[in-house]
Each structure stands twice: as structure tokens, then as C-alpha cells.
Amino acid sequence: MSHTTPEAQAADLKLVVCDMDGTLLDGRGEIPQGLWPLLETMRHRGIAFTPASGRQYATLESMFGSAATGTDTADGTSGPDSDHDAGTGSTDGMAFIAENGAQLMRNGVLLAASVIDPDYVTATLDRLDELVAEGQNIGVVLSGTTVARVRRHDDAFLAEVRKYYHQLEVVDDLSGIGDVIKMAVYDFGDASTVVHPRLHEAAQGHSVVLSARHWVDVSNARATKGHALAQLQQALGVTPAQTAVFGDYLNDLDMFDHAQLSFAMANAHPDLLARARFTAPSNLEGGVITTLSHLLVNH
């Protein structure tokens, strides 16, 4: 942990990158209302705010884009109250790190995407079929840059998947569906016990990471949130000293290598708490909002 206060280090803040689930989102899975006025303040001061999530780009864009009108999003959350400035939630010029870094978007334009080798996709699907045959209760999502596809169609699985994927197709066959930038495996049990170790031992140079208790994400080795953050910093002309990052789980870990202001939430995985320079209150306590408010007051 740094002995310098984060407020003192935020004098030249230009970029704030924030994980969603377990970090920004509250206990109902919603964006806290306190974020919207902070976004407006950051826009006026030339500070970019970028969500960084395992969620699909279409999902992230709808969550933030709906705030421009205060309408409900596709997952039932809502934008700012009607008495807020209608422009507060506009995504114009906004960047998104989606699919755990496999896709980087800015102002609706694709800046970068990391495609998984098709042969590896096929081999991983075969391995998942083996796990199902062994009794593992799992399902997989194949993500492209515009749509995600699943072949499991029971209500319990789809209810979990639709929280994160608003552009979703249910198909009979996942083979030959084109470029895949991420494979997300949902385990109704604890993904760390069987599914993650089995996929990790066959990674063949790919990234296989626990993104939550029930989720394992498989992607190109370059497709990490940290790599996408470095690409975004280069595009914006922003340095790590001008960057703040908030995260709570292992898929956020390498973002801390690219930010002088690295915050692990109080509810974060122990490895993040050990790596971060600072700690923020938990997402259930509105830790991102509280911390950002302090940083901006001293900016």
C-alpha cells in the first residue's frame, strides 16, 4: 500500500476505469444513482470514465446509454432520475472495455478485438462436452463483436446469461459461427473446483481466468482488461500516473499494472487487495462513488 494519499496523487487525473459487477454495481446489480452527477463533473473536467467488464459491449452501452433519457435498460435497471441533466448519461465519446478486454470500443467504433483460434474454440467445446458427460452442470456463451450465442436454452441458464448479454441468440449448433472473441463458461456450482482447473490445464497459451465464483472466461492471451487499458491509454494519450482503476476480482488484476491509483474494493479477492495501492469501501457501501467524490473534490 502507498503511504501517499490517493487525493494527493489525483492532481492530474485524466482516466477512470471501473469494473462493474462487485465493484460499481450495487446489491441489486444496478448503477448507483450517485454516479450520474460524477460523470457530468468528469466530462466538464476532461476526465474520461470507462467501464471495464466481462459483460458484452451491447449490454454496457445500453446500461449507460439509457441514462440519456432516464429510461429503463434491457436488464431492468434505470438511468438517472428525471431531474438530472438529460445529457448526463450520453455515451458520446465514451470508451468501453468489454468481454474482459477482448473488445475495446470508443464512441461506438471498434478500436480493438482479439479473436480466438477457431481450432482452440472447437477443442474447448469438446472439453466442455466431456465435463457435462462427467456430471458438471455448466453452459457456455460464445461471444462475437456484435452478438453472443448459446446452445443451452433452459430458463435457469438463460436467466444468468441475459444479465450480461443483451444481444443473444440461442442456436442448435455452435460450430462454424465465425470469429469468437471470448468463451464464457457458467458453472452452477463453484467454477474454481473443477471447470477452471480442467480448462486451465489445456489453455495452450490462451487466457483462462476466474471472473466470478460461477464464471470462467476463455480468451486470446492478449485479451485482458490490462492490455485493453494500455491500448486505451495510448489512444487517449493518458499515462498510468493519470489513471485510476477500481476492481474486485481476478480478471481486474492486470489493470493495476497500468494505474498509479489502483483501488481494490473492500469485498475484493485477497489477491487484488494484496496488489492494490489503495482500498475502497465495498460495492454495497457505494465505494466507487464515495472514493471518486473524494478524488474529484481534490482535483
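The values are calculated or read from the model by the stated rules, or taken from the named source; none is laboratory data. From a predicted model like this one, the values you see are computed outputs, not experimental measurements. For neighbour counting, all protein chains shown are included, and Cβ atoms are generated from backbone atoms with ideal geometry for every residue, glycine included. Each accessible area value is taken on the protein alone, full model and side chains, heavy atoms only, with ligands, DNA and RNA left out. Shrake-Rupley method; radii C 1.70, N 1.55, O 1.52, S 1.80 Å.
Along the charge dipole of the chain, pointing to its positive end and built from +1/-1 on Cβ of Lys, Arg, Asp and Glu, which listed residue (Ala280, Asn251, Leu15) has its Cα farthest out?
Leu15
Can you give the FRET efficiency to the nearest 0.05 for Asp26 and Gln167, using r as the Cβ-Cβ distance and R₀ = 30 Å?
Once rounded, the FRET efficiency stands at 0.80.
Counting only protein heavy atoms, what percent of the accessible surface of the chain is carbon or sulfur at a 1.4 Å probe?
48
Is it possible to state the helix-based mean residue ellipticity at 222 nm for the chain, with each DSSP H run of 4+ residues giving -39500 (n - 2.57), the sum divided by total residues, to the nearest 500 deg cm²/dmol? What is it?
Mean residue ellipticity, 222 nm, calculated: -7500 deg cm²/dmol.
At 37 °C and 0.692 mPa s, grab the translational diffusion coefficient of the chain from Stokes-Einstein with a Kirkwood Rh over Cα pairs, rounded to a whole number in µm² per second.
Estimated diffusion coefficient is 169 µm²/s.
Would you list which lysines come within 26 Å of Lys14, measuring only between C-alpha atoms, while excluding same-chain residues fewer than 8 positions from it?
Lys225
Return the single residue from His227, His153, His269 with maximal mean-square fluctuation; model: Gaussian network over the chain, springs between Cα atoms under 10 Å.
Largest GNM mean-square fluctuation: His153.
Ordered by residue, what ³J(HN,Hα) values in Hz, to whole numbers, does the stretch 98-106 give under the Karplus form 6.51 cos²θ - 1.76 cosθ + 1.60, where θ = phi - 60° and Gly and Pro are x?
Working through the residues one at a time gives 10, 6, 6, x, 6, 9, 10, 10, 9 Hz.
Report the antiparallel proportion of the DSSP beta bridges in the chain as a percent, rounded to a multiple of 5.
That works out to approximately 55 percent antiparallel.
Using the Karplus curve 6.51 cos²θ - 1.76 cosθ + 1.60 with θ = phi - 60°, what ³J(HN,Hα) values do you get for each residue of the stretch 270-280, in whole Hz, with x for Gly and Pro?
Running phi through 6.51 cos²θ - 1.76 cosθ + 1.60 with θ = phi - 60° gives x, 5, 6, 4, 6, 8, 5, 7, 9, 10, 10 Hz.
So what J values fall out for the stretch 261-269 if you push phi through Karplus, 6.51 cos²θ - 1.76 cosθ + 1.60 with θ = phi - 60°, rounded to Hz, Gly and Pro as x?
Residue by residue, the stretch 261-269 yields 9, 9, 10, 9, 5, 4, 8, 6, 4 Hz.
I'd like to know which of Ala98, Leu261, Val115 lies farthest towards the positive end of the charge dipole of the chain, counting +1 on Cβ of Lys and Arg and -1 on Cβ of Asp and Glu.
Highest projection toward the positive end goes to Leu261.
Using 0.36 nm per residue of separation minus the Cα-Cα distance, give me the extension gain between Thr193 and Asp154 in nm, one decimal.
Gain on stretching Thr193 to Asp154: 11.7 nm.
Provide the per residue accessible area, probe 1.4 Å, for the chain, rounded to a whole number of square angstrom.
So the chain comes to 41 Å² accessible per residue, rounded to a whole number.
Among 271-283, 118-130, how do they line up from the highest to the lowest mean number of other beta-carbon atoms within 10 Å?
Result, highest mean first: 271-283, 118-130.
Counting Lys +1, Arg +1, Asp -1, Glu -1, what net charge surrounds Ser262 among other residues with beta carbon under 9 Å of its beta carbon?
Neighbour charge sum, excluding Ser262 itself: +1.
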